[in-house]
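To start, the structure itself, in structure tokens.
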Amino acid sequence: MTFANSAYLLLMLLVIPCIIWYVLKVNKRRATLSVPTTSMYGGLRKSWKYYLIHVPFILDMVAIVLLSLILARPQTTDRWQDTEIEGIDIMLCVDVSTSMLAEDLKPNRIEAAKQVASEFINGRPNDNIGLTIFAGEAFTQCPMTVDHAVLLNMFQNVSSDIAAKGIIEDGTAIGMGLANAISRLKDSQAKSKVIILLTDGSNNRGEISPMTAAEMAKSFGIRVYTIGVGTNGTAPYPVQGAFGKQYINVAVEIDENVLRQIAQTASGQYYRATSNSKLKEVYEEIDKLERTKLQVKEFSKNQEEYQPLALALILSLLLSILLKQTVLRTIP
């Protein structure tokens, strides 16, 4: 426990002169009734009030001590602190185009990707992880962070509906998504910097080509793993018809050559994920990467702890007043 205003603790020194004054006062007190001798009272037992006579003064001193502690503001020791952990810097780059709603992976491609990626995030608590999403354009959903609770919360809000609803342009801008992720990693001091790029299509949008982005990643020492999501041939795709949701078979068109070239250029590896279980294969390769030390700033909120002391102060004062005005009341 710490004190925000520790100078107020000096008020407890007031107890010392108060005790001295009280002792001198008791010793100099004169009897209110004078008698020639007290021998006649020698056999009388002392009343229980005799043992309580100093209690009000003790309670007053306790109140001074408690007041000093309250004014000093006792707090828990939560604060900002720097910690050093082992980890790597990772950016997840996820395709959210409308084609990710195809249901060849269950329940669909985007939800399968979110589920497996969330398990991956939970399994790497010391890594600095961020999230970029892209369709016809790209933006950062979550910057790199070790606060994975925040990352997972933002990840769960990712949906291909944003492209379907026109919030972002639909399409597949692989080069733009990769470039956005690179911009988050290029200034990293980590020895191992990784991008995991997941898509189900071929590049058909954006001002930056996939291979140009791959060369950028190589120049910054960023390793890129690419994942092509989807079965071979055709996949069931939901459409809204006159009689509700219906399905049509759409061709699976993944530009595997480009994804392989990206991975090869950026010292990574290409994976083809035809099922949910295949998505997990990329993690085995990432686990082999060299780890590096990261400086992380952690924060926890201060907690005021004066409430029990305030309650004890009130009880002390009330009890002192009650004793003085009742059983220990003196006659002037």
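The values are calculated or read from the model by the stated rules, or taken from the named source; none is laboratory data. Worth saying up front: this structure is predicted, and the values here are computed from it rather than measured. A quick note on method: Cβ atoms are made from the backbone with ideal geometry, for glycine too, and the neighbour counts reach across all protein chains shown.
Structure notes:
- Residue match in the stretch 155-171 (condition: under 19 Å from the mean Cα position of the chain (by Cα) and surrounded by 15 or more Cβ atoms within 10 Å (Cβ to Cβ)): yes
- Qualifying positions in the stretch 242-257 - aromatic (F, W, Y) and surrounded by fewer than 10 Cβ atoms within 10 Å (Cβ to Cβ): F243
- Checking I331 against (1) surrounded by 17 or more Cβ atoms within 10 Å (Cβ to Cβ); (2) modelled with pLDDT under 75, the condition it does not meet: (1)
- Within the set I286, I262, the sole residue that is surrounded by 15 or more Cβ atoms within 10 Å (Cβ to Cβ), of a type outside the set (K, R) and within 30 Å of the chain's Cα centre (by Cα) turns out to be I286.
- Residue in the stretch 181-204 that is hydrophobic (A, V, I, L, M, F, W, C), surrounded by 14 or more Cβ atoms within 10 Å (Cβ to Cβ), in the same structural domain as A117 (by TED's automatic domain parsing) and more than 25 Å from I121 (Cα to Cα) present: no
- Strands (runs of 3 or more DSSP E) enclosed by the stretch 53-136 - at least 1 residues per element that are over 18 Å from the mean Cα position of the chain (by Cα), closer than 30 Å to I248 by Cβ and at pLDDT 90 or above: 89-95, 128-134
- Test: G175 is under 24 Å from I262 (Cα atoms), in the same structural domain as Y271 (by TED's automatic domain parsing) and under 21 Å from the mean Cα position of the chain (by Cα): no
- Residue satisfying condition, being assigned to a strand (DSSP E or B) and within 14 Å of D200 (Cα to Cα), within set I227, I248, I254: I227
Yes/no per residue for (1) at pLDDT 90 or above; (2) of a type in the set (F, W, Y); (3) under 14 Å from G268 (Cα atoms):
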site: N153; (1), (2), (3): yes, no, no
site: S159; (1), (2), (3): no, no, no
site: G166; (1), (2), (3): no, no, no
site: D187; (1), (2), (3): yes, no, no
site: I195; (1), (2), (3): yes, no, yes
site: G201; (1), (2), (3): no, no, no
site: N204; (1), (2), (3): yes, no, no
site: P210; (1), (2), (3): yes, no, no
site: E215; (1), (2), (3): yes, no, yes
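- Residue in the stretch 147-161 that is out of contact with any strand residue (DSSP E or B) (no Cβ under 8 Å at 6 or more places or on another chain), more than 20 Å from A117 (Cβ to Cβ) and outside any helix (DSSP H, G or I) present: no
- Only one entry in L131, L152 is closer than 17 Å to I227 by Cα and either touching a Phe, Trp or Tyr at 6+ places or on another chain (Cβ under 9 Å) or not acidic (D, E) (or both), namely L131.
- Residue within the stretch 307-319 that is in contact with a strand residue (DSSP E or B) (Cβ under 8 Å, 6 or more places away or on another chain) and at pLDDT 80 or above present: yes
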